[in-house]
Amino acid sequence: MRKKLKLDITDIQTIIFKTESTDFSYHNPQRVADGFILLTEGNGFAISNSGKRYNIKAGDVLFVNRGDNYTICCPAPCSYITSELTVETDNTLLPFVHHASEQEIEKLKTVCTIWQSLEWDSYVSCRVKLLTVYYDIIKNRMSNHFPDQDIAKAITFIHQNFKTNFSGKELADYCSVSPSHLRAKFLKSTGLTITEFRDNLRISTAKEMLESERFTVSEIAASLGYCDVYHFSKVFSAQVGTSPKKWNRHQTEAL
């Protein structure tokens, strides 16, 4: 059965344009909502949730998720469009930094203008336009960034089996290549190790399970294939910046 893409924007809290007249340095230890940040003027650097540093310039879009820990630094002058949304999708399909096309930049600027207009149809119009932007970026990323059939097969396998503790050899056998060859190609193509890619999927699922309040941390750890709750908590904390129990409590208090 073909895996279906899950993509929806179920809420828009804010979309706003900001200008900084002094050097801009912002660290968010725990993002409260999903969203995008489009740099419209200036340049600098950003550090992702995983700790990787990226040089950014005008026209770059940062996609951030609820719970992320990231940093943005830009010398003055700089301006940007920032947002708070509720996006339902597989977060691993979106890059942290996306070099937007002129058409994508204009679409996001238009979305900001429409949102700020406060017209009766602003919410629906922005939601439709944003879904189009997100969909096009995901679609192009999957087709352009992973044209290699070995990587495409590996990603499909991981998405279907991320809750299990498959070995590197199992994955390599599925792709009909050697484990060392696949590891090198996967890291080069995605910027992540196979384990990091799988953990991203697991942690994304763990957040959804925590939000449902139907599972204990131990149950989540077991269902996602972690050997014990301590290992799960260590991986979760490294990615999100806080423990599963504290993250869940923070989400509950924020509602």
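The values are calculated or read from the model by the stated rules, or taken from the named source; none is laboratory data. Given the structure is predicted, the values throughout are model-derived calculations rather than measurements. Cβ coordinates were reconstructed from backbone atoms using ideal geometry, including for glycine residues, and neighbour counts include every protein chain displayed. Accessible surface areas use protein heavy atoms only, side chains included; no ligands, DNA or RNA. Shrake-Rupley method; radii C 1.70, N 1.55, O 1.52, S 1.80 Å.
Listed values, structure above:
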| quantity | calculated |
| --- | --- |
| Positive-end residue, the chain charge dipole about Cα centroid, Cβ charges, pick of ILE151, THR10, ILE137 | ILE151 |
| At 1.306 mPa s and 10 °C, Stokes diffusion of region 149-217 via Kirkwood alpha-carbon radius, µm² per second | 124 µm²/s |
| Partners for LYS245 among lysines (Cα-Cα distance below 23 Å; same-chain residues under 8 apart left out) | LYS163, LYS207, LYS234 |
| Charge context of GLU196, other residues only, Cβ under 11 angstrom, K/R +1, D/E -1 | +2 |
| Anchor LYS6: aspartates and glutamates whose Cα lies under 16 Å away (excluding residues fewer than 8 positions away in-chain) | ASP34, GLU88, ASP90, ASP136, GLU208 |
| Span per principal axis, largest first, for the Cα atoms of region 50-120 (Å) | 41, 33, 21 |
| Unpartnered cysteines - no second Cys beta carbon under 4.7 Å - across the chain | CYS73, CYS112, CYS126, CYS175, CYS227 |
| Karplus-derived HN-Hα couplings along region 96-101 (A = 6.51, B = -1.76, C = 1.60, θ = phi - 60°), whole Hz, x at Gly and Pro | 6, 10, 10, 7, 6, 7 |
| Region 1-86, accessible surface, carbon-and-sulfur percent (1.4 angstrom probe) | 51 percent |
| Amide proton proximity set for LEU85, modelled H, under 5 Å, gap of 5+ | GLN13, ASP34, GLY35 |
| Test item: Cα-centred dipole of the chain, Lys/Arg +1 and Asp/Glu -1 on Cβ, debye | 740 debye |
| Count of Lys pairs (Cα-Cα under 20 Å; at least 8 positions apart or interchain) in region 63-156 | 5 |
| Amide H contacts of PHE24 (H built 1.01 Å from N, under 5 Å, at least 5 apart or other chain) | CYS74, ALA76 |
| Accessible surface ranking that places the most exposed of THR71, THR110 first, with a 1.4 angstrom probe | THR110, THR71 |
| Distance cut-off 17 Å, percentage of C-alpha pairs in region 2-70 lying past it | 52 percent |
| Residue-wise HN-Hα coupling along region 12-20, computed from phi with Karplus coefficients 6.51, -1.76, 1.60 (Hz; x: Gly, Pro) | 10, 8, 7, 9, 9, 9, 10, 10, 10 |
| Spread of Cα-to-Cα distances over 10 Å intervals beginning at zero, given as percent, for region 26-171 | 10, 35, 35, 16, 4, 0 |
| Mean projected area in nm² (Cα convex hull; one quarter of hull surface) for the chain | 14.6 nm² |
| Formal net charge of residues neighbouring THR110 (Cβ-Cβ distance under 12 Å; K, R +1; D, E -1) | +1 |
| Span from the region 130-196 Cα centroid across to the region 46-125 one, whole angstrom | 24 Å |
| Sequence of ARG202, ARG53 from largest to smallest accessible area, 1.4 Å probe | ARG53, ARG202 |
| Sparse-neighbour loop sites [GluC sites (Glu not before Pro); region 104-213; at most 13 other C-beta within 10 Å; DSSP] | GLU119, GLU213 |
| Charge tally in the Cβ shell below 14 Å around ASN28, where Lys, Arg are +1 and Asp, Glu are -1, ASN28 excluded | -1 |
